[in-house]
Amino acid sequence: MVKFLALLKLNFRAALAALRMGGRKRSVSGVGALVLLAGLSLYISGLYSFLFASQLAPAGALPLLIVFMSLGAVLLGFLFSLFAAQGMVFGTKDNDLMLALPVTPFALMLSRTLALYLENLISTLFVLLPAGVIYLWYGGPGGIWVLPTLLVCALFLNFLPTLLSLVAGFVLAFLSSRATHKALMGNLFNLIFLALLLVGSFSLSSNMGELGDAASGIHDAFQGWGLPFLLTEGAVCRGSVPDLLLLCALCLLPFLAVVWLFARRYKSIVTGLTARSARSDYKLGRLSAAGQRRALLVKEARRWFGTPMYLFNTCLGLIMLPGAGVAALIYRSSIQDFLSQIGWEFFFPLLIVGVCFCLSTVAITGSSISLEGKNLWLLKSAPISPATLFGAKVGFQLLACLPSLVVGTILLTIAFELPLWAGVLMLLDGLLFALVCAPFGLWINLHFPKLDAVNDTAVVKQSVSAFLSTLLPMVLVLVFFLLWLPLMEPLGALGLTLLYTGVLAAAVFLSFWVLIRQGPALFRQLSD
Amino acid sequence: MLNIEHFSKTYPGGKRAVDDLSLHVAPGEIFGFIGHNGAGKTTTLRAVAGVMDFSEGNITIDGHNVRTDALAAKQVTAFLPDNPDLYDFLSGIQFLNFIADLYQIPGDSRQNLIAKYGGAFQLTGNLGSPIGSYSHGMKQKLALISALIRQPKLLLLDEPFVGLDPSAAHLLKQFWAELCAAGSAVFFSTHVLEVAEKLCHRIAIIKQGKLIRMGRTAELVGDSTLEDVFLELEGDGHG
């Protein structure tokens, strides 16, 4: 038990250290990033809870809000921690040291999995508690016990996303350990998962309008597979203690059982992950030379495509953008019916906001310095200027964004039957936004590098830089969104979008200016 | 080839890792840098390589100041840290090509150089595999090949013999001799005193950041051994 507690403490510290890097400024930033994550969960929860509650309350089915939001908390936690499980439980760099210690694989795996649980808890709490408040706001039954009971339920429900991401991480690790091309296998797995996620979200949004009418059917549909969510409803809304106890057992026992089962094969999985296929029959052929910029650009591309964790945490927007274009084309006639009543101009600035939102999730440069990690000596001792290095990193992000941006804007232009100038303006604004994000992300990463991370997960998912380089551009998108309604009438579609263009052009100048001005000195101070 | 003048380095928190170090490495010279753990060897090598920033003193390589003319200094230098981490997502040949591109080595000569050093270290057959699949020794060999193909004027190495098998270590010494015969210089740190005694034209001993002895190996060792000299200096309160 003492050994387990020591391991647990170590893994909790490692999870927290990903955000806190020493120094007052950086600790404050770490707390700031946590606040932003909590804020994002709060925003998602608040928005959906209000939407659901406004549909369910008139039909007298408000308790279903708790069912939906507990399901939402589990799914969101699963989404946040899917890639983390792979890194934190199976792919940590201290496996050799840990496996040599006189501790059982079960204790080791449980301590690592509980660190994952701790990380999930932030999003679970900030999804469920606001839902509880909105539930009470709409007059849901249960009284003063609703929030304390919901808190207890959240602590146990949180085992489910942890369990799901653990299973997914195990499957991925298992398949990877048997595959010749591990990165390709990881990328395929993640691509399938993302596709399922997008289809699921799309289907949920389409059916939201019929929630109130279908309340009883939905309740029946949750029987069986959705028992934990129905038990949560029973415990929170009806104060049922047996439901609460059953929920605790239903969440905790499978979690412990699965951890125990996986722990039995833990060493072989971890060993399989570190083993790589190797050949010794390489024949040296003709080698072609390239310039420094191209070499660095190719290296960035190889790292991005060769690190599934990095690729799939930064490519969601690149899939969403053309995906939205395809969806708009499919529903083209409905869109045209709708626009014929209001006019395309009214929604045009929102399209630009949407394009920018997709691009704000593509924070490739936000982790690119941190991922150099122990390899930093190579770049620092090479005869390349910081400007060349920064150019390659920024350039790669722009190259990654460009195909998706062009395809997405063309499809949206066709689907919305926009005039050519509007399509060009949308493309220009998207391009400017990408030009803001790339140098800004790099500048943030130079300020908040995480060069000693125990795995790529800590850099890509948990570092201050990864949070800030995604969330701060989102704030700009939010500002654009908030300006839409108040300024639409006085400025008109063209005026407002030109205002966006002007702001973005200024932001591009500012991003490059701070990177050029501060970047080289920050890079010189980095130490691997 | 390498001039270090009054170099000092103080880390945040006040620890003075190197204190007023001055030394010169001539072309064609193999120069050994020895000292106990934490003496300041790695700090010095990293400063010379341009990997670490410093504010006190001056360092020039082949006449290029490492602070004010950093790119020119790095162009003629090859540095290997004590535990060189390489890009695991690249194959061996991709890594060597990447390095050759950064140092602007023409296509034909890079092929010849990789063939020469890859063959000598018996690594050519493995160059198609990802670096992540390499053993520690193979990574060390690959890092050495990447340094040698640059044909550097100054080869900077931190503990180069750690992880190398005896035949690779023997080869490395031969290639050093080859480089020095062509007018290059080798500046390396080591704890293997027998190697330093046999290989080095000159040796510097550093203790707690200060240079306590420097000279031609034969003069420094005299009738004793380098190990005896080192232990004596370590024990007699120098520095």
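A straight Cα-to-Cα reach below 26 Å connects A:Lys461 with the lysines A:Lys9, A:Lys25, A:Lys93, A:Lys182, A:Lys267, A:Lys299, A:Lys374, A:Lys380, A:Lys393, A:Lys450, residues fewer than 8 places away in its own chain not being considered. Amide H contacts for B:Phe79 (H built 1.01 Å from N in the peptide plane; partners 5 or more residues away or on another chain; cut-off under 5 Å): B:Leu156.
Residues whose amide H comes within less than 5 Å of that of B:Gly35, counting only those at least five positions distant or on another chain, are B:Thr190, B:Ile206 (H built at 1.01 Å from N in the peptide plane).
Residue by residue, segment B:157-168 carries 3J(HN,Hα) couplings of 9, 9, 6, x, 8, 5, x, 8, 6, x, 5, 5 Hz when phi is fed to the Karplus relation 6.51 cos²θ - 1.76 cosθ + 1.60 (θ = phi - 60°); x denotes Gly or Pro.
The loop-placed chymotrypsin sites (Phe, Trp or Tyr not before Pro) in segment A:330-392, going by DSSP, that have at most 15 neighbouring Cβ atoms within 10 Å of their Cβ come out as A:Tyr331. The tail of the calculated P(r) for chain A, taken as Cα-Cα distances beyond 36 Å, holds 38 percent of the pairs.
Identify, among A:Leu321, A:Ala438, A:Cys356, the residue whose Cα sits farthest towards the positive end of the charge dipole of segment A:292-525, taking +1 on the Cβ of Lys and Arg and -1 on the Cβ of Asp and Glu, with the dipole about the Cα centre. Positive-end residue among those listed: A:Ala438.
A cut-off of 5 Å between modelled amide H atoms, ignoring neighbours fewer than 5 places along the same chain, links B:Ser91 with B:Ile131.
Computed from the C-beta positions of B:Tyr11 and A:Arg517, the FRET efficiency with R₀ = 25 Å rounds to 0.45.
Shown in residue order for segment A:497-507 are the 3J(HN,Hα) couplings computed by the Karplus curve 6.51 cos²θ - 1.76 cosθ + 1.60 at θ = phi - 60°: 5, 5, 5, 4, 4, x, 4, 5, 4, 5, 5 Hz (x for Gly and Pro).
If a spin label sat at a point 7 angstrom from the Cα of B:Asn83 along the line to its beta carbon, the backbone N atoms of segment B:155-190 nearer than 14 Å would be those of B:159, B:162-163.
Once the Cα-Cα distance is subtracted from the 0.36 nm per residue extended length, the A:Ser385 to A:Val479 segment shows a gain of 30.2 nm. Taking the alpha carbon gyration tensor of segment A:327-378, multiplying each eigenvalue by 5 and rooting it gives semi-axes of 43, 11, 5 Å, largest first. Only aspartates and glutamates eight or more places from B:Lys173 in sequence, or on another chain, were considered; those with a Cα closer than 18 Å are B:Glu29, B:Asp82, B:Asp158, B:Glu159, B:Asp165, B:Glu194, B:Glu197. Here the dipole of segment B:109-239 is about 840 debye; that uses its Cα centre as origin and unit charges on the Cβ of Lys and Arg (positive) and Asp and Glu (negative).
Computed over chain B with a Gaussian network model linking Cα atoms closer than 10 Å, the most mobile of B:Met52, B:Met138, B:Met214 is B:Met52.
Restricting segment A:284-386 to trypsin sites (Lys or Arg not before Pro) that sit in a DSSP loop and have at most 13 other Cβ atoms within 10 Å of their own Cβ leaves A:Arg286. Beta-bridge orientation, the protein assembly as shown: approximately 55 percent antiparallel, per DSSP, counting only bridges with both partners inside. The residue among A:Ala387, A:Ser111, A:Ser463 whose Cα reaches farthest toward the positive pole of the charge dipole of chain A, with charges on the beta-carbon of Lys, Arg, Asp and Glu, is A:Ala387. Between the beta carbons of A:Ile44 and A:Arg279, assuming R0 = 60 Å, the FRET efficiency works out to 0.80 to the nearest 0.05. Percent antiparallel among DSSP beta bridges with both residues in chain B, to the nearest 5? If we restrict to bridges inside chain B, about 55 percent are antiparallel. Between B:Val162 and B:Ala72, the modelled label-to-label distance comes to 3.4 nm, taking each label 7 Å out from Cα in the direction of the beta carbon.
Dipole size of chain A about its Cα centre, with +1 on Lys/Arg Cβ and -1 on Asp/Glu Cβ: approximately 2600 debye, rounded to the nearest 20. Toward the positive end of the charge dipole of the protein assembly as shown, about the Cα centre and with charges on Cβ (Lys, Arg +1; Asp, Glu -1), which of B:Phe54, A:Ile330, A:Val241 goes farthest? Final value for the positive-end residue is B:Phe54.
Calculated mean residue ellipticity, 222 nm, the protein assembly as shown: -22000 deg cm²/dmol, from DSSP H runs (n ≥ 4) at -39500 (n - 2.57) each, averaged per residue and rounded to 500. Mean-square fluctuations from a GNM of chain B, with a 10 angstrom spring cutoff on Cα atoms, peak among B:Ser184, B:Ser91, B:Ser224 at B:Ser224. The modelled label-to-label distance between B:Gln208 and A:Arg332, using points 7 Å beyond Cα along the C-beta direction, is 8.1 nm.
Helix B:136-148 and the longest principal axis of the Cα set of chain B meet at an angle near 90°.
Read-outs: derived from the displayed coordinates by stated rules, not from any lab. Treat the numbers as computed from the prediction; the structure is a model and nothing was measured. Note: ideal-geometry Cβ built from the backbone for every residue, glycine included; neighbour counts use all protein chains shown.
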